[in-house]
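Below is one structure, written out as structure tokens; comments come after it.
Nothing in this text is a laboratory measurement; each read-out follows from the coordinates by a stated rule. Just so it is clear, the structure is predicted and the values come from calculations on it, not from any experiment. We place every Cβ from the backbone using ideal geometry, glycine too, and count neighbours over all the protein chains shown.
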Amino acid sequence: MAQVVLKQVCKAFGKVKAVDDFSLTIRDREFMVFVGPSGCGKTTTLRMIAGLEEITSGEIFIGDRPVNRLPPKERNVAMVFQNYALYPHMTVFENMAFGLRLKKMEKEEIQRRVNQTAEILGISEFLKRKPRELSGGQRQRVALGRAIVRTPQVYLFDEPLSNLDAKLRIQMRLELKKLHQNIQTTSIYVTHDQIEAMTMGDRIVVMKDGLIQQVGEPLELYFRPVNRFVASFIGSPTMNFIPARVEGSDQNLTVRAEGVNLPIPLLKIPALTPYRNREVLMGLRPDDLPAGGYQEEKETIKAWVLVVQPVGNQIFLDVKVGSHNVLAAVDAQTEIKPHQEIFLKPNLKNLHFFDPETEQAILG
């Protein structure tokens, strides 16, 4: 078992910095997820840990060993790729055993490890088949098995589920999480899918333009994002943002915008007091905007319904608040049709506020 430590790691391709000043400690046995949009540097960081990409500057430690100058085979890590990377001419057994044979392991030990791993992954019946005879999900299990049999210090996953259909992807998420709970090995998982990150990670690293934006547990990122980017990237559907103004007295602040006039909760007043009579960016998640009814009440927002989208146990409403398009999520039993006026009743304690210039969260 081992923790992984990155200290001020940078990777430059010419004048372009793909990863910049990346410092992070991944705890022993932790399941850490790197998430962010395409091109944010998450896969490059993973490849630097694996030794497949040379770092420009900084230090990487696996356990107590600095590994900057070690080749991949000496880092004691196992990587699972997006495209499975199986040998097409080998059987499932041979694919899983290949790395062990390179280490000149005893034949009986190879047999034991492969059989044990195949049983854990539910692929024992496929050991004599070639990859072309397997489905996408079965091939991914073989790729996982090939990594698991090596019993490395660290597992590295590079978007391993992105080639699977939606139903199988959800199933494999659960199986990977169970697998980690059983084998208790430090794991680093890269994805662009924030739902995958939220459901799988013990902690999550949100990246943008090669920089770490925030590191935290899933619910911490959801309820206390440190900036607008994290707030918009984490959570589905994404957060609504409305330009607004803070007004009122020290103990009686309100936030005003087109069609909005809401009291600011007491716990948030100290952080927002410096912004009195100034502009802020107000954030509201769709789940925190349930319909209040068809009559204006205290602490409601008047909205005009544009589109109604039933999605099972909820209805997503595209509405107009002043001149701003806003998405609200209401109960599936709510009777709402397009082109009608409604009043949304926001969950005030979950209001978010951001500095309009720096886009940093105003945390209270």
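Separation of segment 144-193 and segment 77-143, taken as the distance between their Cα centroids, equals 15 angstrom. Its residue count N fixes a reference of 2.2 N^0.38 Å for segment 110-244, and the Cα radius of gyration divided by that reference is 1.24.
Measuring between alpha carbons in the structure, the pairs from LYS73/LYS104; LYS73/LYS178; LYS42/LYS177; LYS302/LYS349; LYS177/LYS208 lying more than 22 angstrom apart are LYS73/LYS178; LYS177/LYS208.
Rounded to the nearest 10 degrees, the angle from helix 107-121 to the longest Cα principal axis of the chain is 20 degrees. Oblate is the label for segment 41-200, because a/c, from the alpha-carbon gyration tensor with a ≥ b ≥ c as root eigenvalues, is 1.5 or above and a/b does not exceed b/c. All other residues whose Cβ lies under 12 angstrom from that of ASN163 are scored, Lys and Arg at +1 and Asp and Glu at -1, for a net of -1. Relative contact order, whole percent, for segment 244-354 stands at 29, derived from Cα pairs under 8 Å and 6 or more residues apart.
Sorted largest first, the principal axis extents computed over the alpha-carbon atoms of the chain equal 76, 46, 35 Å. Counting only residues at least eight positions apart within a chain, or on another chain, the aspartates and glutamates with an alpha carbon under 13 Å from that of LYS268 are ASP250. The aspartates and glutamates whose alpha-carbon is closer than 18 Å to the alpha-carbon of LYS167, local same-chain residues fewer than 8 away aside, are GLU159, GLU175, ASP193, GLU196. Qualifying GluC sites (Glu not before Pro) in segment 105-152, where qualification requires a DSSP coil assignment and no more than 11 other C-beta atoms within 10 Å, comprise GLU106.
Its alpha carbons give segment 84-178 an Rg and a Dmax of 12.9, 40 Å. Given axes a ≥ b ≥ c from the Cα gyration tensor, I'd like to know whether segment 282-352 is rounded (a/c under 1.5), prolate (a/b larger than b/c) or oblate. Judged from the Cα gyration tensor, segment 282-352 comes out rounded (a/c under 1.5). Each helix, a run of at least 4 DSSP H residues, gives -39500 (n - 2.57); summed and divided by the residues of the chain, these come to -7000 deg cm²/dmol at 222 nm. Taking other C-beta atoms within 10 Å as the exposure proxy, SER38, SER135 rank SER38, SER135 from fewest upward.
Rounded to whole Å, the principal axis extents of the Cα atoms in segment 228-267 read 34, 24, 13, largest first. Using a cutoff of 8 angstrom between alpha carbon atoms and counting only pairs six or more residues apart, the relative contact order for the chain works out to 15 percent. Under the convention that each Lys and Arg Cβ holds +1 and each Asp and Glu Cβ holds -1, the size of the dipole of segment 103-158 around its Cα centre is about 240 debye.
Along its three principal directions, the equivalent ellipsoid of segment 31-129 from the Cα gyration tensor extends over semi-axes of 30, 18, 12 Å, largest first. Residue exposure proxy: CYS40, CYS10, ordered by other Cβ atoms within 10 angstrom of their Cβ from fewest to most, comes out as CYS10, CYS40. Helix 136-148 and the long axis of the chain differ in direction by around 60°, with both axes built from C-alpha atoms.
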